[in-house]
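The values are calculated or read from the model by the stated rules, or taken from the named source; none is laboratory data. No experiment lies behind these values; they were computed from the predicted model shown. With ideal geometry, Cβ positions are generated from the backbone for all residues, glycine too; neighbour counts draw on all protein chains shown.
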Amino acid sequence: MYRRPARQTPPQLRPDRLTSGICQPSRRTQRTQRNQNLRVLCGKLPRSTANITKRKGGNEMPEYDLVIRGGTVIDGTGIPRIRADLAIKDGRVAMISGRINGGGAKELDASGCIVAPGAVDLHTHYDAQLNWDPYASLSGQFGVTSLTVGQCGFGFAPTRPEDRDLNMRMMNRIEAIPLESMRQGMRWDWETFPEYMDSLDKQGLGVNVGCLVPFSPLRGYVLGMIPARERTSVTEDELNQMKQILHEAMQAGAFGLSADKNLEDRPEDGSWLPSHVASREEFLALSQVLAQFGVGHIGWTIGISDDRPAQRDMLAEMVRMSGRPLHVILGDEEGYQWLKEVREEGLPVIAQETAVPVISEFKLSEYNLFDYMPNWVQPLVGTKEERIAKLSEDGVRVGMKRDVIERPHPRTDWAQVQVVEVAQERNLKYEGLSIADIAAAEGKEPLDAFLDIALDEDLETEFAHPAGGRGDNDHEYISSPFSHISVSDGGAHTRFLVNSIWPVYFLGHWIREKNLMSLEQAHQKMSALPAWFSDMKNRGTLRIGDFADIMIYNIDELGLLYDKPQFATDFPGGEKRLVQMPTGIRYILVNGNVTFQENECTGALPGKLLRSYDQVG
């Protein structure tokens with residue numbers, strides 16, 4: 001039996017080079033890998049790196065903790081860049097000047113580099129991963145310094161002890177977070193939402209983290225997780241309990257509420273989410289709770305849905321009732337027309353956009369991104385053996401074919417679905433071909449060709465298809481003044497996607513190569529706008545008194561280290577995930593402390609658990 005040699009784990013991702021779950025590549029390894037695998041978008045090789053130096057001489061105390069010298073400062077506000085030094089004291093920007101005479105306890109040489117605010121990502125799923133990876137990799141090394149968790153109405157708080165495993169299995173299905181990693185890596189020293197925040201706060205963080213209250217576990221905590229997936233209404237007492245839990249979470253510093261009605265998001269048994277079946281009245285009542293605080297926002301995923309107009313109407317009413325802003329994945333082109341209308345009304349609504357064309361590599365033994373098609377759900381629920389049995393049943397393909405016709409999507413555009421790697425030598429002829437080409441050559445319908453290959457290899461064939469995102473023809477959505485760049489889904493789909501590369505891709509592809517906007521506008525869009533929108537006070541910009549969350553990079557050298565993402569086994573339980581590495585980023589600073597230098601983790605944990613009540617006044 002043919003077995004292709006396993007992909008080699010990149011040397012810099014060996015488990016013995018992990019600290020707190022983060023890789024620390026050796027310089028020698030970096031040079032070797034760059035020579036062999038470097039893909040820099042501009043075609044230039046990285047030059048020598050800057051150095052951290054400690055101040056020498058004299059007994060006087062240095063005036064600053066750290067001084068960044070000789071860089072080009074883009075402060076995130078949109079004003080023109082300047083060549084300047086930047087000084088940091090007590091984690092904040094203390095001075096920006098063409099020349100700073102005072103010394104720093106440490107100094108960075110940023111010659112030839114941009115000094116800019118770190119990226120702010122408002123759509124991640126690091127809720128579990130932060131338990132074992134305080135740097136939220138890959139985001140933390142690709143330039144993200146602040147992020148929010150609890151998106152799409154998913155998360156792990158509040159959760160009763162008896163529902164912990166059920167919630168982990170749900171997140172394994174929906175967000176493809178490895179189940180064994182969650183079982184081994186999560187502390188579970190919390191039950192309520194305030195306790196979850198306290199747990200993150202005391203563990204130590206390498207990035208700044210804000211938490212939204214996820215709707216599905218909130219409803220499940222009151223009704224029970226299984227009834228919460230089935231019941232379409234709640235009693236007055238149950239609704240009051242839900243409101244009280246949200247109120248207590250906001251008092252503890254939550255940044256708002258999130259929910260999801262995306263049909264491709266299904267729990268472990270393929271049923272509905274609590275947010276799918278919940279009533280309009282529940283969401284409006286929770287909006288009234290947000291109105292009491294004057295801080296926080298609503299996060300929502302419409303995605304692939306059958307009731308988009310009704311959702312949009314409800315969301316507008318939620319914004320009116322709460323007085324709080326909404327950031328939303330719109331799901332279709334009509335959504336942008338609605339966005340224009342509500343913006344004309346004066347409602348603070350922002351669209352979430354990804355700057356990365358999302359290509360997913362997957363095996364049917366573990367994939368879930370076909371769940372928006374009802375006749376695909378149950379055949380792809382369960383263990384690999386259970387999936388094989390159900391996909392082999394007579395008649396199952398009839399409904400699956402009907403769904404492909406009735407619900408067209410790039411994921412089933414068979415001309416774009418490719419065979420990447422086969423598990424059997426007899427099928428090597430398929431590698432690199434599209435399903436459409438294979439079907440035409442063999443006289444089959446495309447779905448039959450797709451499933452025949454997969455079943456012949458016990459669902460271990462590796463395919464690839466477009467999973468979303470924006471291509472080069474979608475620049476108007478990315479550049480819209482009513483959108484922010486985010487949606488990395490960081491921490492989720494770790495075996496299929498690496499969208500956390502977005503800061504480097506956005507700056508390298510869209511700005512340097514496509515000239516979509518100026519660098520000043522780009523940093524405003526990826527840092528200042530989401531920080532302002534989400535009430536992250538004094539973040540996203542580099543003005544005097546702002547927190548020193550900074551990325552230092554050479555714009556000409558920004559790129560990706562590997563030709564394609566590589567598998568690493570650095571998750572708890574030895575579970576694998578796809579990884580990538582940036583080139584061109586010299587330093588990442590969080591609250592004035594260096595967390596990454598040339599992809600090497602420093603071990604510092606300067607990140608903060610952000611509390612919304614600290615962001616007002």
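Annotations
- Where helices (runs of 4 or more DSSP H) fall wholly inside segment 331-391, the ranges with 2 or more residues that are more than 29 Å from Arg312 (Cβ to Cβ) and modelled with pLDDT of 95 or more are 384-391.
- Scan of segment 392-433 for residues that are of a type in the set (S, T, N, Q), assigned to a helix (DSSP H, G or I) and within 28 Å of the chain's Cα centre (by Cα), ordered by number: Thr412
- Set Leu200, Leu205: member being more than 30 Å from Tyr367 (Cα to Cα) and either buried (at least 24 other Cβ atoms within 10 Å of the Cβ) or aliphatic (A, V, I, L, M) (or both): Leu205
- Of all residues in segment 284-306, those that are part of a helix (DSSP H, G or I), in contact with a strand residue (DSSP E or B) (Cβ under 7 Å, 6 or more places away or on another chain) and closer than 16 Å to His327 by Cβ total 1.
- Selection of segment 95-114 for residues being over 14 Å from Val73 (Cα atoms) and out of contact with any Leu (no Cβ under 8 Å at 6 or more places or on another chain) yields Asn101, Gly102, Gly103.
- Scan of segment 199-239 for residues that are assigned to a helix (DSSP H, G or I) and within 25 Å of Cys601 (Cβ to Cβ), ordered by number: Ser199, Leu200, Asp201, Lys202, Gln203
- Which listed residue is assigned by TED's automatic domain parsing to the domain that holds Trp272, free of Cβ contacts under 8 Å to residues at least 60 places away in the same chain and β-branched (Val, Ile, Thr), from Thr124, Thr145, Thr232, Thr159: Thr232
- Residue count, segment 582-612 (criterion: under 23 Å from Gly112 (Cα atoms) and among the charged types (D, E, K, R)): 3
- Flag if Arg512 is surrounded by fewer than 21 Cβ atoms within 10 Å (Cβ to Cβ) and touching a Cys at 6+ places or on another chain (Cβ under 9 Å): yes
Residue-by-condition table, conditions (1) over 19 Å from the mean Cα position of the chain (by Cα); (2) surrounded by fewer than 19 Cβ atoms within 10 Å (Cβ to Cβ); (3) farther than 24 Å from Val209 by Cβ; (4) not assigned by TED's automatic domain parsing to the domain that holds Thr124:
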residue: Thr541; (1), (2), (3), (4): yes, no, no, no
residue: Gln566; (1), (2), (3), (4): no, no, yes, no
residue: Thr583; (1), (2), (3), (4): yes, no, yes, no
residue: Ala604; (1), (2), (3), (4): yes, yes, no, no
residue: Gly607; (1), (2), (3), (4): no, no, no, no
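- For segment 91-109, the count of residues that are in contact (Cβ under 8 Å) with a residue 24 or more places away in the chain, surrounded by fewer than 24 Cβ atoms within 10 Å (Cβ to Cβ) and in the same structural domain as Arg495 (by TED's automatic domain parsing) is zero.
- The residue pairs whose first member lies in segment 430-442 and is within 7 Å of Trp414 (Cβ to Cβ), whose second member is outside any helix (DSSP H, G or I) and among the acidic types (Asp, Glu), and whose beta carbons are closer than 9 Å, counting only pairs six or more residues apart or on different chains, are Ala436/Asp413; Ala439/Glu445.
- Residue check, Ser287 among the hydroxyl-bearing types (Ser, Thr, Tyr), without any contact (Cβ under 8 Å) to a residue 40 or more places away in the chain, in contact with a helix residue (DSSP H, G or I) (Cβ under 6 Å, 6 or more places away or on another chain) and crowded, with 18+ Cβ neighbours inside 10 Å: yes
- A Cβ distance below 9 Å, combined with a sequence gap of six or more or placement on separate chains, defines the contacts here; from segment 517-535, residues that are without any contact (Cβ under 8 Å) to a residue 24 or more places away in the chain reach residues that are in a helix (DSSP H, G or I) and crowded, with 17+ Cβ neighbours inside 10 Å in the pairs Ser518/Ile511; Ala522/Phe506; Ala522/Leu507; Ala522/Trp510; Ala522/Ile511.
- Among the residues of segment 307-316, some residue qualifies, meaning at least one is part of a loop (DSSP other than H, G, I, E, B) and of a type outside the set (Val, Ile, Thr).
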